[in-house]
Every structure is written in C-alpha cells, then in structure tokens.
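The values are calculated or read from the model by the stated rules, or taken from the named source; none is laboratory data. None of these values were measured; they are calculated from a predicted model. Glycine also receives a Cβ, built like all others from the backbone with ideal geometry; neighbour counts cover every protein chain displayed. Note: accessible area is taken over every heavy atom of the protein model, side chains too, but ligands, DNA and RNA are not part of it. Shrake-Rupley method; radii C 1.70, N 1.55, O 1.52, S 1.80 Å.
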Amino acid sequence: MKLLPDRTEKYSSVLASAARFIEQNIDIFVEEQADRDERRSGELLMERGLGQLQLNVLQQLLAEEIREISLHQAHSPAESQFMLGKEEGLKRAEQVLKDLMDRAHIFYRRPGA
C-alpha cells in the first residue's frame, strides 16, 4: 500500500513552511527564540514592578489623606460626622488595597524567592 499525498492547501502550507525551516540554521532559530522568551520575561517583570509601584504610591496617598482628615478640626457636629465617615471610608479603602497587595505579592513571587 502506498500513501498518496493530499494536495490540499493545508498540505501545501505545511510543505512550504517545512522547507523554509530546513533552510534556516537551526542554532540561530533556537537562539532567537530564547532571546524572545527572555525579553518577554523581562518585560513581564517590569510591568509587575510598575504595577506594584503604583499600588505603593496609592497606599501612601491614602495614608496621607487619612492623616489630614484626622487632623482637621470640625466646626459643627454634622461636619464632624461627615469627616468621621470620610475617614472610615478611606481607612477601609486602604485596608482593601493592602489585602490586594498581599494577594498580588503571593501570585507574583519569583520562583525560588
């Protein structure tokens, strides 16, 4: 029994890509792929670092706003209640942000770190 080649477009594309692959130097192909993978890994680490930096900046801004509100003197009981609610809301936002940062730290740890 002899297999007859299938002359479809898919078969032609496989043959065409295989021929180009054979013509290339395999060592160069492997090195280029390793370089691309290393660049992608570096870019991913950089993006994660920038994200963590943004979260740290946001945390500092929230802490500063909470401090300013706690030092503010209210002129009426209504204003005092309003400022207390605002301070509690910001404290809750700060806690949610800390929880998010802790969870992100767990997921984005470097292997072996």
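When each of the peptides 81-92, 66-77 is scored by how many other beta carbons lie within 10 Å of its residues on average, the order from highest to lowest is 81-92, 66-77. Taking max minus min of the alpha-carbon positions on each principal axis, the range 49-113 gives extents of 56, 15, 14 Å, largest first. The stretch between Arg103 and Leu61 holds 13.1 nm of extra length on full extension. This uses 0.36 nm per residue minus the Cα-Cα distance. Could you please report the charge total around Ser80, scoring K, R as +1 and D, E as -1 over all other residues with beta-carbon less than 13 angstrom from its beta-carbon? Within the 13 Å Cβ shell, the charges total -2. Average accessible surface for the range 28-113: 83 Å² per residue, computed with a 1.4 Å probe over protein heavy atoms with every protein chain in place.
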